[in-house]
Amino acid sequence: MLATTRNRMTPPLVLHTRTAAELMTPDPKSLRQDALVAEAAVFLSARGFSAAPVIDEAGRPVGVVSRTDLLHHHGQRAARLLTAPPGTADARAEAAAPGAIRDVMTPAVFCVHAETPAAKVVEKMLALNVRRLFVVDEAGVLVGVVSAFDVLRGLGEPFRAAG
C-alpha cells in the first residue's frame, strides 16, 4: 500500500530491523555513578552528547545524566551561592562542594533486552515519551542504547535506495 501525498506516491514507513540488537548502538559510552558533576559536564560536551547512561560497578544502568540535569544543578548551586552571605561557612562549603553525578542524574532507567522486537522498542519509547532506551543483557549489564536517531536510521534504508 502506498501513501498519497500531493502529486506523489510514497512508500509507507517500515522499520527494517527485527530486534533491539539490530537497532541499537552497541557499547555506549557511559559514566560511573561515583563520577563528579564536572566530569559529566566534560564528558557530555567533549563528545557532543545530550545525555549518557550512568552505570554501577557491575556495569548495570542506574540512571541517566543529561545536559539539562547539569544545568539545573549549576543553576541551583549558583542560587545558593548568591543567597549565602559572602565569606560564611555556607558560602565556602557550597563553592568547594564538587557534587556527585548520582545526586544530579535522573534515576529512572528504561531498558529492553537485545532480543526485544524492534516494534516493541518503538512502542515502549512512544509510551514512555523517551528519546532512548538502554539495552541490557540477561545480567542487566548495559550492552547498547536505542535512540530516536537509531529508529530513524532503521526507517531510512528504503528511502536511500529509492533516492
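The values are calculated or read from the model by the stated rules, or taken from the named source; none is laboratory data. Note that the structure is a prediction, hence the values are computed from the model and not measured. We place every Cβ from the backbone using ideal geometry, glycine too, and count neighbours over all the protein chains shown.
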Would you be able to tell me the number of residues in the stretch 110-144 that are within 15 Å of the chain's Cα centre (by Cα), part of a strand (DSSP E or B) and either more than 15 Å from S30 (Cβ to Cβ) or modelled with pLDDT under 95 (or both)? 2
Identify all residues within the stretch 145-157 that are at pLDDT below 90 and surrounded by 14 or more Cβ atoms within 10 Å (Cβ to Cβ); write none if there are none. R153, G154, L155
Just the residues that are of a type in the set (F, W, Y) and under 18 Å from E57 (Cα atoms), please, taken from the stretch 95-154. F134
Would you confirm, using the coordinates I've provided, whether V62 is modelled with pLDDT of 75 or more, assigned to a strand (DSSP E or B), surrounded by 14 or more Cβ atoms within 10 Å (Cβ to Cβ) and touching an Asp or Glu at 6+ places or on another chain (Cβ under 9 Å)? yes
Could you grab me the full set of residues in the stretch 33-58 that are in contact (Cβ under 8 Å) with a residue 60 or more places away in the chain and within 18 Å of A100 (Cα to Cα)? Q33, D34, A35, L36, V37, A38, E39, A40, A51, P53, I55
Of the conditions (1) modelled with pLDDT under 90; (2) within 18 Å of the chain's Cα centre (by Cα); (3) loosely packed, with under 14 Cβ neighbours inside 10 Å, R160 satisfies every one except a single condition; which number is it? (2)
